[in-house]
Amino acid sequence: MPAGRDHDAERRESLERWEAAAAGWGRQLAAWGETSAPVATWMIDAAALAPGQRVLDLAAGPGEVGFLAAKLIEPGGELICSDQSEAMLELARARGAELGLTNVSYRVLGGEWIDLELASVDVVLCRWGYMLMVDPAAALRETRRVLVSGGRVSLAVWDAAEHNPWLEIPLEVLIEHGLLSPPESGGAGAFALGAVPLLHSMLEEAGFTQVTVEAIDIAREAPEFDSWWATHLDLSVSTRAAFEQADEAQTEAIEAELAARLAPYTAASGALAVPGRTLVAVAEA
Ligand SMILES: C[S@@+](CC[C@H](N)C(=O)[O-])C[C@H]1O[C@@H](n2cnc3c(N)ncnc32)[C@H](O)[C@@H]1O
């Protein structure tokens, strides 16, 4: 990690932003579920779940990935659905109740200090969480500590920015308008773990074996620009925080610039399908 960072301030800011983001994530559950479903499927298959297992979903947000696991570990299994944010867990509780799940407990847990006993879970799931943590190497070591010997971590992190125009284009435009600072190299953020060799070596350095890393392409789709952008602002905390600083003139200019840069992904009908790519990994403790 680069020197001179105030890690505690970064953690506080992340928590505040995600607490505030929960309302938007609540609005976008269906859209996000559709975009992210192939990734959840890969992670669940790779986890090789069995009845009776104890599973931790770390940085679970609204909980979708873990909830798929909850069904597969019945009878006798338990899912711990966890996140740093109480507001996100509220969404997860509501969703878990809607799905009629009875083998789930909900806990506020930080990924860098997982408040669970040594070797107490069989599988850890973490979709799009580790790269947001201030010290992802510590989080991976913690993950291994709570896993039983031979237990599995199954995770997803975003690939590099150039493979994720759906996230990168809005960030670029906001940086150009002076509303966002360019990302610090080595800092936490969407693309912090976006390289296959890096993710592979971080898992091995944390003590994991049998490491497999693959890439999955996704697309953020919407019938037209306005709904694409509204959904994006609900889902991307850093984009929303920066865009909210724009005055009226900047708002119009930013939206026009964005629509122009998204033109290569916009059909004649106006519908958008903006590509992204995630890395997925599975490894054994
Ligand atoms: C991009 S969302 C992903 C949510 C969910 N896993 C999914 O795939 O839909 C990231 C989540 O990570 C959580 N998070 C970020 N840093 C964390 C940390 N250090 N410890 C625990 N959770 C964290 C946030 O609160 C947020 O709910």
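Only the coordinates and a few stated rules stand behind these numbers; no lab work does. Model, not experiment: these values are computed from the prediction. All Cβ positions, glycine included, derive from the backbone under ideal geometry; neighbour counts span all protein chains shown.
Okay, here's what the table says:
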{"item": "The chain - mean residue ellipticity at 222 nm from DSSP helices (-39,500 (n - 2.57) per run, n ≥ 4, rounded to 500)", "result": "-14000 deg cm²/dmol"}
{"item": "Total charge dipole magnitude, the chain, about the Cα centre, Cβ charges on Lys, Arg, Asp, Glu only, Debye to nearest 20", "result": "860"}
{"item": "Convex hull of Cα atoms in region 1-125, direction-averaged projection (nm²)", "result": "8.6"}
{"item": "Residue among 28, 250, 84 with the largest mean-square fluctuation in a Gaussian network model of the chain, springs linking Cα atoms under 10 Å", "result": "250"}
{"item": "Kirkwood-Stokes translational diffusion coefficient of region 170-285, alpha-carbon pairs, 20 °C, 1.002 mPa s, µm²/s", "result": "131"}
{"item": "Kirkwood Rh in Å, taken over region 223-267 so that all alpha-carbon pairs contribute", "result": "11.1"}
{"item": "Size descriptor, Kirkwood hydrodynamic radius, that averages inverse alpha-carbon separations across region 35-189, Å", "result": "16.4"}
{"item": "Using alpha-carbon coordinates, inclination of helix 136-146 to the longest axis of the chain, degrees", "result": "30"}
{"item": "Kirkwood estimate for region 86-175, i.e. one over the average of 1/r between Cα atoms, Å", "result": "15.4"}
{"item": "Unit charges at the beta carbon, dipole of the chain: most positive-side option, 151, 4, 182", "result": "151"}
{"item": "Per residue Cα convex hull volume in Å³ - calculated over the chain", "result": "123"}
{"item": "Coil-residue GluC sites (Glu not before Pro) of region 188-262, DSSP, other Cβ within 10 Å capped at 11", "result": "244"}
{"item": "Cβ charges +1 (Lys, Arg) and -1 (Asp, Glu), total dipole of region 52-136, debye", "result": "240"}
